[in-house]
1. Go through (1) within 17 Å of A89 (Cα to Cα); (2) of a type in the set (S, T, N, Q); (3) open to solvent by 30 Å² or more (accessible area, probe 1.4 Å) and name the single condition T338 misses.
2. Just to be sure before I move on: is N314 closer than 22 Å to L38 by Cα, part of a helix (DSSP H, G or I) and open to solvent by less than 20 Å² (accessible area, probe 1.4 Å) in the structure I sent?
3. Considering only residues that are under 12 Å from A313 (Cβ atoms) and surrounded by fewer than 21 Cβ atoms within 10 Å (Cβ to Cβ), which ones fall in region 245-271?
4. Test V274 against the stated conditions and say whether it is open to solvent by 20 Å² or more (accessible area, probe 1.4 Å), closer than 24 Å to L347 by Cβ and aliphatic (A, V, I, L, M).
5. Restricting attention to region 286-315, report how many residues are modelled with pLDDT of 85 or more and either among the hydroxyl-bearing types (S, T, Y) or under 24 Å from T48 (Cα atoms) (or both).
6. Please work out which residue is nearest to L213 (Cα to Cα), limiting yourself to region 294-308 and to residues that are surrounded by fewer than 21 Cβ atoms within 10 Å (Cβ to Cβ) and either acidic (D, E) or in contact (Cβ under 8 Å) with a residue 40 or more places away in the chain (or both).
7. Modelled with pLDDT of 75 or more, in a strand (DSSP E or B) and either loosely packed, with under 14 Cβ neighbours inside 10 Å or touching a helix residue (DSSP H, G or I) at 6+ places or on another chain (Cβ under 9 Å) (or both) - does that describe any residue in region 20-36?
8. Can you name the number of the only condition in (1) modelled with pLDDT of 70 or more; (2) out of contact with any helix residue (DSSP H, G or I) (no Cβ under 6 Å at 6 or more places or on another chain) that I64 fails?
Amino acid sequence: MSWQRVLAISLRIIRQIRRDRRSLALIVLAPLVILALLGYVYRGSARTPTIALSPADTLGGEAIARELAVFRVRVEPMAPDEAIARVRAGQIAGAVFLESSARGPTARLVLDGSQPGQARQVSAIVSQALVQAALRATGGGSSQLHLRIDYVTGSPVFDELDTFAPVFIGFFAFFFVFLLTSVSFLRERLHGSIERLIVSPLDRAEIVLGYMLGFAFYALIQSILTVLFTVYVLRVHTVGALWLVIVLTVLLTLGAVNLGIFLSTFARTELQVVQFIPLVISLQGLLSGIIWPVTSLPRPLQWVARVLPLTWANDALRSVMLRGHGLDDLLPHLAFLTGFALLMLVLAMTTLRREVA
């Protein structure tokens, strides 16, 4: 083995990447951008849970609010109907209602069962706060305050997989379809297939629509198999209509197909296609609610998250599978995903026309 020849090959690769500014930027800048984004999210996100308390202006309510503050919980006085509606919508972590019963003072804790990790945490905090408040009220004597827990969404049997399965369905469907489409369309361009179609009687819209429908056929198969495997093989609980989950996933993958066609027109090699992953996939993976709730992100990142298709898809899939929402509740989500797919389709047509002009 000649180390001189090995060194020659290494130097050729170094010079080749040095001349490719996109690859060089990917190596140097992409990790720094992702790390900066993670740092901004971690340092700027508000993770203090909010719990509604009703009534809060009583002696017992004030004592419980003080004990909850020890656990760094934000307490908001709220009417019962509003509190339950906000728990159901996932806007607050829970609601505590002070009641009286034949057994004595009772606290009713209402939780969102679609978030089992958060529900267990809030249940433990409220239980400890109630015990401490009762002990202080009796001067250290025995506590007779009873706690009853109800779930307005989801179920006590939900586990972490049930919580994350909806967003995993959306994320993996979007990621693999985008990667397949962008690489495949680039290969069609590099092999000259697109140029031969352009000089044919076909117009640009017909070419893009044809490729979109071809890729969408496999995206449809992937979406259906992903959803069915998740529900029937992994046995993930779902309380909503399964057909609506499939429709949402298909709309998301159609947007990924058109986005892949659009962005692939800016690439010259498969390596350059891969460079779009940190911009397209990592950004949406961090900001679309998979790891942190969108409402806990810093305000500027919330604005960015609201224009990402994966944010709307994740919220819709969770609403269907974990909260049982129906078609009427998801019309804004369906409209956004449809609009995104159409916008990417128009941009793909326009970019293809510009490229060959």
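1. (1)
2. It is true that N314 is closer than 22 Å to L38 by Cα, part of a helix (DSSP H, G or I) and open to solvent by less than 20 Å² (accessible area, probe 1.4 Å).
3. Within region 245-271, V247, V250 qualify.
4. yes
5. Matching residues across region 286-315 total 13.
6. That would be L301.
7. Within region 20-36, none of the residues are modelled with pLDDT of 75 or more, in a strand (DSSP E or B) and either loosely packed, with under 14 Cβ neighbours inside 10 Å or touching a helix residue (DSSP H, G or I) at 6+ places or on another chain (Cβ under 9 Å) (or both).
8. (2)
The values are calculated or read from the model by the stated rules, or taken from the named source; none is laboratory data. Predicted, not measured: the structure shown is a model, and the values here were computed from it. Cβ coordinates were reconstructed from backbone atoms using ideal geometry, including for glycine residues, and neighbour counts include every protein chain displayed. Only protein heavy atoms, including side chains, enter the accessible area calculation; ligands, DNA and RNA are left aside. Shrake-Rupley method; radii C 1.70, N 1.55, O 1.52, S 1.80 Å.
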